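Colleague: Here it is, the structure in full.
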Amino acid sequence: MVSAMRVLVTCALSLTLLGSGFAATAAPAATPAADLVADPVALVDPLIGSANGGNTYPGAVRPFGMISVSPTSTAGDQTNTAASNGYSHDTTRMRGFSLTHVNGAGCHPGAAGDVPVFPHTGEMTGSPTADVTDATYASDFSHADELAEPGRYRLGLANGAEMDTAVTTRAAVSELTFPADKPANLLFRTSNSLNGSESAVTRIDRAKRTVSGSVLTGAFCGRRGNGGGSNKRSYYRLYFTAQFDRSFSGHGTWVNGELQPGSTEARGGEGYETGAARQGQGSGGYVSFDPRRDQTVQMRIGISYTSQAAAEANLKAEIKRPDTVSSVTTDAKAEWREALSSVEVAGGSRDEQTAFYTGLYHSYLQPNVISDVAGTYWGSDQEVHRIERGQQAQYGNFSGWDQYRAHTQLLALLEPRVAGDFARSLHAYSRQHGGVWDRWLHLSGWTHVMTGDPSAPTLAGFYALGVRNFDAAGAYESLVRQATVPHPDGLSSYGCPGQCIGQRPNLADYLDKGYAPQDTCHCWGGAAETLEDAVADYSLADWGRRLGASSAETDALMDRAGWWQHTFNPDATETDGYQQARKADGSWVSGFSPSTDTGFAQGSSATYTWMVPHDVARLAEAAGGRDRAIERLDAFFHKADGSWQHTGGDPLRYDPTNEPGIHIPWMYNGLGAPWKTQETVRAMASLAYGVGPRGLPGNDDLGTMSAWYVFSAMGIYPQDPARAEMLLSSPIFERVVIHRGNGVDIVIESPQASAENIYVWAVSLDGRERTQSWLPESVMNRGGTVRIDVAPDPNQDWGTAEADLPIYHTS
């Protein structure tokens, strides 16, 4: 990364602005520009999003880290948690510090939360698994005794114990403090993953002062009602090894309801149910210490998804003999400082800087390294593989339906090397899965969650943003095959509606009819599937043209990119056309209203009607023309009383808590009303986002919502998920410097930026006036300096001419 720069900018309005009347509405002359933030790490608050359904976790983790040590809270049910990711800021009782997490996943319970470790300061009077309400082997805590910062997490418990942890990529060091006048026991609840487990093993070696073992688990979204529990299966085993600096004064294990003092091995899983069907099942072990001699114990723990030996090798490679929580924290903060310095900002309020850098922090939590230091990793075919030559790491966790709308573009922009390795990873998983690219991967395990074909826009977007360290031609050919050659899985309804196994459901019927019929598509919703596939086909067409694919192939794909029109009913209501589910016989599904979710996935027709980011001109025409489209968007973003709709819950209006519509605030640019984009984006950034535990509007969905805020605060957003052009709005900050990690820098200057100055009055690119409301791909890939002059009143002339509208390549 480029080291921090402090640049003083003297701000004066250009003659162009004065000539256009800007002086009459401009803010007072700006003072010398603020310095760039010196230490972004100090601004990060990992507790943002830990309430209000954000489902973030506050624990210790490195950028893209494999291990993440964070609490699993309890509301009195050992088979469930208070939040999808195991931690809820509003629930101050916990049963363990788990070793793995997935940021912001929406299924409840979510994913991972493997091997909770709990310091218990009472006698071992019974099996912890038999404590089904977490009444005994759990503890209350106060947030006053909690410290969460990048790379480190510390929590003091009401039972008198404290655990302070710092992490590397694959290992952790913890300092446990026990009260001198109580028993000191450390529980390894090996079978108690968030979703349960198929089996688990715990081994205690008193002579070597180690606890080791593994848990066979998986089951992401395995309990969701709309998937029929189709993911109640195992697809990974997490191995761990823990080493201690002190001898054990005692030890034991438990299996189900039986406590076995003195035992050194236990085996048993919990299953994947909740409540009575799982209560009392499972296994684990404990070690005891003598706090009268020394109240502090150091634990070092390493993990792996391939073998016990690999977990030990990861620990040995990453935690050295002299390491302490303090030294590892110092190194972790240095790594986080380098990562977060990929974007430097100046100006804005302290809260805005905190929200920004925490959003950037959350964006760096995934994808996750799943390969060992030796380069081995667990594949989708349930076999051990080795990373490719030139690849630095294998990555897992792909929330495709969510991430392709903001997160993957930010990843490619800031970390092109990681994006390339991630593309390699996804391609490898597809080869291991019979050529199928799954839309939601937990680690390397396919889950089929959600709808559409998100790998296409993801990898196409990577390529457009200059990522080249992957087999682009091979990946493209593989994705085109899945989009053009029907696969047997596409005729199965297994897992439907929420986890349908087909990458392109009932593709033959789709190709024949030009849309996904609601009654025969074997998908979550026919209209939603049609829209998602239109985006994917556009992405492949554009990518194929860049790669030099045959025009016959890319033209056919580009034609399919317009098939969203086949589920657009111009007579859906008396006044307006909408997206509507359609049957195989061509008729529309009855009972339509704009609020319906029939035919859609986690959204209504009112939202999905606008899910055509690649074809805005034709969408506007279908919606009644630009003026009518603008009127409809105005009503979509505002309540009847004129106030902003900035929370979910109204199917007729904007929902900032979920992904299908997060691009819509930017669509005014394509309709010739960019000032409405500016006011809408800034309104959502300030009303739906903020600081504190409730600072995210909904599930972070592996950094997607955080990435939306990061883009919005910078004043740019991907015009289309598969391309590199960026739509423009007004930045929150006076200066933004983006370091792409490949030597390319992009500078965005907005000297008058403030909470009041939300409207763009003029833009220049490398000193030349620019009236277009978007930035070309060349800026993203070769760098440049953009100046955006802003004011408190809208300029309804800038960016409104026909030649200034974003270009959508749909032919």
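Colleague: I'd like to check which helices (runs of 4 or more DSSP H) are fully inside region 437-531 and have at least 3 residues that are of a type in the set (Asp, Glu).
Modeller: none
Colleague: On to the next question. I'd like to check something: does region 291-299 contain any residue that is touching a helix residue (DSSP H, G or I) at 6+ places or on another chain (Cβ under 8 Å), within 30 Å of Asp331 (Cβ to Cβ) and surrounded by 17 or more Cβ atoms within 10 Å (Cβ to Cβ)?
Modeller: no
Colleague: I'd like to verify a number: residues in region 666-704 that are buried (at least 24 other Cβ atoms within 10 Å of the Cβ) and on the phi > 0 side of the Ramachandran plot, how many?
Modeller: The total comes to 3.
Colleague: Among (1) buried (at least 16 other Cβ atoms within 10 Å of the Cβ); (2) farther than 30 Å from Ser686 by Cα, which single condition is Ala346 missing?
Modeller: In the conditions (1) buried (at least 16 other Cβ atoms within 10 Å of the Cβ); (2) farther than 30 Å from Ser686 by Cα, Ala346 misses (2) alone.
Colleague: Which condition number does Ser425 fail, the rest of (1) part of a helix (DSSP H, G or I); (2) buried (at least 22 other Cβ atoms within 10 Å of the Cβ); (3) among the small types (Gly, Ala, Ser); (4) out of contact with any strand residue (DSSP E or B) (no Cβ under 9 Å at 6 or more places or on another chain) being met?
Modeller: Failing condition for Ser425: (4).
Colleague: Against the conditions (1) crowded, with 24+ Cβ neighbours inside 10 Å; (2) farther than 30 Å from Tyr137 by Cα; (3) free of Cβ contacts under 8 Å to residues at least 60 places away in the same chain, where does Pro40 fall short? Just the number, please.
Modeller: (3)
Colleague: Something else: Answer with yes or no whether Val436 is among the hydrophobic types (A, V, I, L, M, F, W, C), in contact with a Cys (Cβ under 6 Å, 6 or more places away or on another chain) and within 25 Å of Cys221 (Cα to Cα).
Modeller: No, not satisfied.
Colleague: I'm checking my understanding of the structure. Among residues of region 372-407 that are assigned to a loop (DSSP other than H, G, I, E, B) and of a type in the set (Asp, Glu), which one is farthest from Ala112 (Cα to Cα)?
Modeller: Glu388
Colleague: Let me confirm something: among Cys500, Cys496, which residue is hydrophobic (A, V, I, L, M, F, W, C), crowded, with 24+ Cβ neighbours inside 10 Å and modelled with pLDDT under 95?
Modeller: Exactly one of Cys500, Cys496 is hydrophobic (A, V, I, L, M, F, W, C), crowded, with 24+ Cβ neighbours inside 10 Å and modelled with pLDDT under 95, namely Cys500.
Colleague: Provide a single number: the residues in region 638-665 that are crowded, with 20+ Cβ neighbours inside 10 Å and either out of contact with any helix residue (DSSP H, G or I) (no Cβ under 6 Å at 6 or more places or on another chain) or not small (Gly, Ala, Ser) (or both).
Modeller: Total meeting the criteria: 14.
Colleague: Taking the condition within 30 Å of Phe64 (Cα to Cα) and not acidic (Asp, Glu), does Leu479 pass?
Modeller: yes
Colleague: Could you please find all residues in region 763-796 being farther than 22 Å from Ala724 by Cα and of a type in the set (A, V, I, L, M, F, W, C)?
Modeller: Within region 763-796, Val790, Ala791 meet the criteria.
Colleague: Oh, and also: Looking for something assigned by TED's automatic domain parsing to the domain that holds Ala536, buried (at least 24 other Cβ atoms within 10 Å of the Cβ), in contact with a Gly (Cβ under 9 Å, 6 or more places away or on another chain) and of a type outside the set (Gly, Ala, Ser) - is there at least one such residue anywhere in region 386-394?
Modeller: Yes.
Colleague: OK, next. May I ask you to verify whether Thr376 is of a type in the set (Val, Ile, Thr) and either touching a Pro at 6+ places or on another chain (Cβ under 6 Å) or surrounded by fewer than 24 Cβ atoms within 10 Å (Cβ to Cβ) (or both)?
Modeller: yes
Colleague: Starting from region 326-354, keep only residues that are within 30 Å of Glu175 (Cα to Cα), then list their pairs with residues that are of a type in the set (A, V, I, L, M, F, W, C) and not in a helix (DSSP H, G or I) whose Cβ atoms are within a distance under 6 Å, requiring at least 6 positions of separation or different chains.
Modeller: Filtered contacts from region 326-354: Val328/Ala166; Val328/Val173; Thr329/Ala166; Ala332/Ala166; Glu338/Met1; Ser341/Met1; Thr354/Val691.
Colleague: Please go through region 192-210 and pick out each residue that is part of a strand (DSSP E or B) and among the small types (Gly, Ala, Ser).
Modeller: Ser197, Ser199, Ala200
Colleague: Still on this structure: In region 304-328, which residue that is under 29 Å from the mean Cα position of the chain (by Cα) and outside any helix (DSSP H, G or I) is surrounded by the fewest Cβ atoms within 10 Å (Cβ to Cβ)?
Modeller: This residue is Ser307.
Colleague: Another one. Taking the stated definitions as given, is Arg417 of a type in the set (D, E, K, R) and surrounded by fewer than 24 Cβ atoms within 10 Å (Cβ to Cβ)?
Modeller: The answer is yes for Arg417.
Colleague: Filter region 457-490 down to residues that are over 17 Å from Trp543 (Cβ atoms), touching a helix residue (DSSP H, G or I) at 6+ places or on another chain (Cβ under 9 Å) and crowded, with 16+ Cβ neighbours inside 10 Å, then give me how many there are.
Modeller: Residues that pass the stated criteria total 3.
Colleague: For a quick check of your reading: which strands (runs of 3 or more DSSP E) sit entirely within region 98-191 and have at least 3 residues that are buried (at least 24 other Cβ atoms within 10 Å of the Cβ) and at positive phi?
Modeller: In region 98-191, there are no strands (runs of 3 or more DSSP E) which contain 3 or more residues that are buried (at least 24 other Cβ atoms within 10 Å of the Cβ) and at positive phi.
Colleague: Which one of the conditions (1) of a type in the set (Asp, Glu); (2) within 33 Å of the chain's Cα centre (by Cα); (3) farther than 21 Å from Ser455 by Cβ; (4) in the same structural domain as Tyr476 (by TED's automatic domain parsing) does Asp542 fail to meet, given that it meets all the rest?
Modeller: (3)
Colleague: Now for a separate question. How many of the residues in region 60-87 are more than 18 Å from the chain's Cα centre (by Cα), hydroxyl-bearing (Ser, Thr, Tyr), under 19 Å from Glu146 (Cβ atoms) and assigned to a loop (DSSP other than H, G, I, E, B)?
Modeller: Residues that pass the stated criteria total 2.
The values are calculated or read from the model by the stated rules, or taken from the named source; none is laboratory data. Since this is a predicted model, take the numbers as computed values, not measurements. All Cβ positions, glycine included, derive from the backbone under ideal geometry; neighbour counts span all protein chains shown.
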